[in-house]
Amino acid sequence: APILRYRERGAMADMLAYTWLEDGSLVFGMTVMGTSIEGAIYSRARWNEDGSDLEFTFGDLISVGPEVAGSGCCEPAVSCLGGERLFNAMRCQGDEASGLYSTRQCTVSEDGGMTWSDPEPLRYEDGDKVWNPASFSQFIKSSKNEKTYWFANILQGPVHGQTPRYPLTIAEFDPQRCCILKETVRVIRDLPEGAPEERRYTNWGLYEERGSGDLIMTLPEQPKYFNYSDMTKAEEFTADCIRIRIEF
């Protein structure tokens with residue numbers, strides 16, 4: 001990638017939420033980091049003419065200023081809108097001292113991830129902001145009903161930081177209006193009774209099961225017994241991985 005330099009500026013694939021363009025190209029986003037988070041870039045991978053290797057091209061850096069987020073934008077999630085159009089949603093952490101809430105900043109590309117529109121907050125169809133902590137999110141399009149879904153920790157109101165990361169939710173994304181449909185928000189997993197308040201339903205795996213078309217999620221139920229601040233032994237950091245099947 002032209003803007004990356006060994007030991008100066010690197011990039012992380014952030015659990016690699018990717019999508020395919022209609023021409024067969026694979027597109028995925030990465031978080032760019034120097035001494036701090038600088039923003040996100042997208043890479044587009046295509047087979048060369050003889051099909052012997054992949055060729056990668058990289059788009060422009062997407063960034064937000066300190067008036068938007070306390071520590072830049074990261075963990076880009078992407079959805080294909082048709083053709084070479086892409087929708088990108090990024091994790092942006094707020095800052096309580098500055099009065100900034102955590103938001104999901106979004107951009108649109110018309111050229112397969114090479115250039116992007118200016119970032120704007122993710123919204124519902126009525127214009128209200130979608131509130132999340134600064135946490136992972138992911139889009140997936142179902143081959144069963146051709147609808148696009150967004151997985152995230154959708155909250156009732158704003159927070160400044162990275163928590164709470166519950167409930168875990170699913171919602172339908174409208175690719176025409178580039179918004180979340182409010183009435184489709186469903187809770188997959190909320191904080192169970194007796195669970196530590198610092199439990200996080202985040203950093204999952206997600207795939208469509210071949211044959212059934214069901215969506216399968218895998219995620220750690222961590223922390224299991226104690227809040228992070230109460231843990232004193234290495235074994236207390238371990239947790240079970242749960243598997244969730246979503247049928248349509």
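The values are calculated or read from the model by the stated rules, or taken from the named source; none is laboratory data. Because the structure is predicted, anything quoted here is derived from the model rather than measured. Cβ atoms come from the backbone with ideal geometry, glycine included; neighbour counts cover every protein chain shown. When the accessible area is computed, the model is the full protein with side chains, heavy atoms only, and any ligands, DNA or RNA have been set aside. Shrake-Rupley method; radii C 1.70, N 1.55, O 1.52, S 1.80 Å.
When the chain is treated as a Gaussian network with alpha carbon springs shorter than 10 Å, the biggest mean-square fluctuation among Ser135, Ser143, Ser79 belongs to Ser143.
The listed residues Leu191, Leu61, once ranked by accessible area (1.4 Å probe) with the largest placed first, stand as Leu61, Leu191.
Couplings 3J(HN,Hα) for segment 97-102, derived from phi with the Karplus relation 6.51 cos²θ - 1.76 cosθ + 1.60 (θ = phi - 60°), are 5, 9, x, 9, 8, 5 Hz, where x marks Gly and Pro. Probing with 1.4 Å while keeping every protein chain in the model, the per residue accessible area of the chain equals 52 Å². Under the convention that each Lys and Arg Cβ holds +1 and each Asp and Glu Cβ holds -1, the size of the dipole of segment 103-219 around its Cα centre is about 260 debye. Counting pairs of Cα atoms in the chain, how many percent are more than 24 Å apart? The calculated P(r) of the chain puts 49 percent of pairs beyond 24 Å.
Using a/c under 1.5 as the rounded threshold, could you call segment 91-167 rounded, prolate or oblate? The axes a ≥ b ≥ c are square roots of the C-alpha gyration tensor eigenvalues, and prolate needs a/b larger than b/c, oblate otherwise. Kindly include the intermediate steps, with their values, before the conclusion.
Values: a/c = 2.09, a/b = 1.36, b/c = 1.53.
Here segment 91-167 falls in the oblate category.
Measuring spread by the Cα atoms of segment 123-175 yields a radius of gyration and Dmax of 11.9, 37 Å. Projecting the Cα atoms of Leu206, Phe56, Ile242 onto the dipole axis of the chain, where Lys and Arg carry +1 and Asp and Glu carry -1 at the beta carbon, places Ile242 farthest toward the positive end. The phi torsions of segment 29-43, fed into the Karplus equation with coefficients 6.51, -1.76 and 1.60 and a -60° offset, translate into couplings of x, 9, 8, 9, 9, x, 6, 8, 5, 9, x, 9, 10, 10, 10 Hz, rounded to whole numbers, with Gly and Pro shown as x.
Between rounded, prolate and oblate, where does segment 1-101 land on the alpha carbon gyration tensor, with a ≥ b ≥ c its root eigenvalues, rounded for a/c under 1.5, else prolate if a/b exceeds b/c? The shape class here is oblate. Comparing Ala97, Gly82, Pro66 along the charge dipole axis of segment 21-108, the residue lying farthest to the positive side is Ala97, per the Cβ-charge model. Largest first, the residues Glu38, Glu49, Glu172 sort by 1.4 Å accessible area into Glu49, Glu38, Glu172.
With Cα atoms as the point set, segment 138-248 shows a radius of gyration and Dmax of 15.6, 50 Å. Placing +1 on each Lys and Arg Cβ and -1 on each Asp and Glu Cβ, with no other charges, gives the chain a dipole about its Cα centre of roughly 360 debye. As a fraction of the 1.4 Å probe accessible area of the chain, surface on carbon and sulfur atoms comes out at 47 percent. Of the whole protein surface, Asp60 contributes about 80 Å² of accessible area at a 1.4 Å probe radius. The C-alpha atoms of segment 44-130 occupy a region whose extents along the principal axes are 55, 28, 16 Å, arranged from largest to smallest. Taken as Cα centroids, segment 25-41 and segment 54-75 sit 6 Å apart, rounded to the nearest whole angstrom. Classify segment 156-214 as rounded, prolate or oblate, taking a ≥ b ≥ c as the square roots of the eigenvalues of its Cα gyration tensor: rounded when a/c is under 1.5, otherwise prolate if a/b is larger than b/c and oblate if not. Oblate. Across Pro76, Pro164, Pro192, mean-square fluctuation computed from a Gaussian network of the chain (C-alpha pairs under 10 Å connected) peaks at Pro192. Within the listed set Thr202, Thr232, Thr31, the Gaussian network model of the chain (springs between alpha-carbon atoms below 10 Å) gives the highest mean-square fluctuation for Thr232.
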